[in-house]
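Here is the structure we will look at.
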Amino acid sequence: MTDQVSPLLDIQCNGHLDINNDMHNRFQNGSSTKNIPRNRVLRRTRSLNAPSPIQQFGPCGRIMKNSSMVMTIQDPASQRLTWYKPPLTVLVIKKVRDNSVLPPFVQLVTWLIEDRIDFIVCLGGDGTLLYASLLFQQSVPPVMAFHLGSLGFLTPFEFDNFQEQVTNVLEGHAALTLRSRLRCIIMRKGEENKEKQPTNLLVLNEVVVDRGPSPYLSNIDLFIDGKHVTSVQGDGLIVSTPTGSTAYAVAAGASMIHPSVPAIMITPICPHSLSFRPIVVPAGVELKISVSPDSRNTSWVSFDGRNRQELFHGDSLRVTTSIYPVPSICAVDQITDWFDSLAECLHWNVRKKQKHLDELSDLTHSSSNDTLDSLDRDS
């Protein structure tokens, strides 16, 4: 796995951003975090506040500020991509087993040979972008995704005028959407103190726990920050990022969340309860998902549709928001790109337009005249 972001990347921040200053500086410069003392590395976001890290309640009350645990959310409109050194290299990812993508792939690479740059170009659909996210399990270079697949919800760029669009990115004329990812760790029963490394993955869309091939309902316990919240009886559970809310989650009945919103969505799959609705929790919480002790069967877990494996009794899955988002380059801006995708890919709020009252009145008048004329002819 690749775990180094480009040292040339600079995300311009005009708003507030405080992620443990030392950690933040190293992350922004693409430096490794291995030498940072363990007590100073922000493993997960514990609190999210906007627009100020200090909230006042009346003349005396306020939230106590802890510099090592507080993350302030900046204005998304202030997130712009700039280069403080000439970009050097580019990673181009093509959709596999699709011959139609090969000619534009060759055309793009031929053009890039003259100007090598320092970001990712994806040619394909949403799956290609998910694969790019999987390659980088820590810092991710900016991703420019061209729509050459079947859906393209996460790929806002059209390939027709790629030269002009790539040049705009090279010159720093690009907005960014920082798409949060989920840190997922599987803890196997009895292996907490062994040397074997647990499954540890970052996912961009969702992690899914389901009943697999078993004919029985899933019986899954859900904990939030150590507190048992509920037991899921049904086909399973989806834990998704805001980016993933428009994927499997929305197909299972969840709402849609803009990717800049700091949140985690929890969606049951075919729950055996009419009152079990999807919920949204703060991005800073830690989820623990485990097979209930009295469950008739085990469960299965998959990460962005990959790395599917079985969860046995006594195993647990830990999920929280990662500090390493995917910086997705916008074709226009965060709001325009997202609503265009909703309209074009999901046909959001598409319906037959209601007639104006004047049109309705003319139609009624014409219908009345036709009826009178027909009566005269009959008589």
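Just so it is clear, none of the values below were taken in a lab; they were calculated from the coordinates. Please read all numbers here as calculations on a predicted model, not as lab measurements. Reconstructed Cβ throughout: ideal geometry from the backbone, glycine too, with neighbour counts over all protein chains shown.
Taking amide hydrogens as placed 1.01 Å from N in the peptide plane, the amide H of ALA254 sits under 5 Å from that of no residue at least 5 positions away in sequence or on another chain.
Listed highest first by mean packing, meaning other Cβ atoms within 10 Å per residue, what order do 301-309, 94-102, 247-255 come in?
The peptides rank, most packed first, as 247-255, 301-309, 94-102.
Each peptide among 287-297, 257-267 gets the average number of other Cβ atoms lying within 10 Å of its residues, and from highest to lowest they stand as 257-267, 287-297.
Karplus-based coupling profile of the range 179-186, in residue order and whole Hz: 8, 5, 10, 9, 8, 10, 10, 9, with θ = phi - 60° in 6.51 cos²θ - 1.76 cosθ + 1.60 and x standing for Gly or Pro. Derived scalar couplings between HN and Hα for the range 337-349 equal 4, 5, 6, 5, 5, 4, 6, 7, 8, 10, 6, 5, 6 Hz in order, rounded to whole Hz, by the Karplus curve 6.51 cos²θ - 1.76 cosθ + 1.60 (θ = phi - 60°), x for Gly and Pro.
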